[in-house]
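The values are calculated or read from the model by the stated rules, or taken from the named source; none is laboratory data. Keep in mind that this is a model prediction, so the values were computed, not measured. Backbone-built Cβ (ideal geometry, glycine too); neighbour counts: all protein chains shown.
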Amino acid sequence: MSLTDALLDPILATNPARPLITFYDDATGERIELSAVTTANWAAKAANLLRDECDLEPGGSVAVLLPAHWQTAAVLLAVWSCGAEVTADPDGADLVLCDANRVDLALAAKAPGGVVALSMDAFGRGIDGLPAGVVDFATEVRLQPDAFVPWEPVTQAATALDGRTVAEVLAEVRDRVDSLGLDATDRVLSTREWTTLDGLRDGLLAVLAAGASLVQVAHPEDAALDRRYVAEKCSTRL
């Protein structure tokens, strides 16, 4: 079982239509809400893109240079569906995923699988003027099937996150679920970034492992957070 399966399958089995990730960007006014089914579909599309267009294989490594965003959640889940490892370091990675501001940094790593650039645009627009060979995620992902079957089963011994196996990540995340006191009834308001292991573990993985719902806010305005906590009927704040 991949890390993606371990996180999403229980939610899909019990409450697939419930909002799973609600994303706000206070700098742009963007609000997007994804159910568990929609999240899984995006993850499947992204996994097909990474495997079929970028040749990502089980055991490969993917550097993720992206902010905390609903599209980042989709590509993280996609990497794990492929049986590959997520790392923050582009040097030595097989493939690099980045936003428009870090294309040059991603290209400098000279990853054999190349670079996939994400616009993070709310309306699905791609990135103009990308260097030759850089895959525009927004353009290519929409062409992919919304179901994914890996080439081979992913085991819990597969490396998933910065050298940790699926089993080790799940154990750490479930400990954090207990420490944070989360359960499937919770709706979690978070402004945490996912660029560190702690931020990713608490801000995304623990929420999914608990079967809870995430309200992720980028560029937060302090004055708006209290109102949003009430309006979104949140029960926990990170």
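Some points to look at:
- Among residues of region 1-39, those that are among the acidic types (Asp, Glu) and in contact (Cβ under 8 Å) with a residue 24 or more places away in the chain, counted: 4
- Hits in region 132-161 (condition: in a loop (DSSP other than H, G, I, E, B), under 19 Å from Ala93 (Cα atoms) and at pLDDT 95 or above): Val134, Ala158
- Strands (runs of 3 or more DSSP E) completely within region 1-97 that count 1 or more residues being under 21 Å from Thr159 (Cβ atoms): 61-65, 85-87
- Candidates are the residues of region 111-148 that are surrounded by 13 or more Cβ atoms within 10 Å (Cβ to Cβ) and among the charged types (D, E, K, R); the one that is farthest from Leu49 (Cα to Cα) is Asp121.
- Screening region 31-83 for residues that are among the basic types (Lys, Arg) and out of contact with any strand residue (DSSP E or B) (no Cβ under 9 Å at 6 or more places or on another chain) and picking the one that is farthest from Leu95 (Cα to Cα) gives Lys45.
- Condition met for Ala157 (exposed (fewer than 13 other Cβ atoms within 10 Å of the Cβ), free of Cβ contacts under 8 Å to residues at least 12 places away in the same chain, touching a strand residue (DSSP E or B) at 6+ places or on another chain (Cβ under 8 Å) and not hydroxyl-bearing (Ser, Thr, Tyr)): yes
- Every residue from region 108-118 that is outside any strand (DSSP E or B) and in contact with a strand residue (DSSP E or B) (Cβ under 6 Å, 6 or more places away or on another chain): Ala109, Ala111, Gly113
- Tally, over region 208-230, of residues that are among the small types (Gly, Ala, Ser), assigned to a helix (DSSP H, G or I) and modelled with pLDDT of 95 or more: 1
- Within region 171-207, if we keep just the residues that are within 18 Å of the chain's Cα centre (by Cα) and assigned to a loop (DSSP other than H, G, I, E, B), the residue that is farthest from Pro90 (Cα to Cα) turns out to be Thr191.
- Out of Asp178, Asp128, Asp121, Asp146, sole residue that is more than 20 Å from Val79 (Cα to Cα) and touching a helix residue (DSSP H, G or I) at 6+ places or on another chain (Cβ under 9 Å): Asp121
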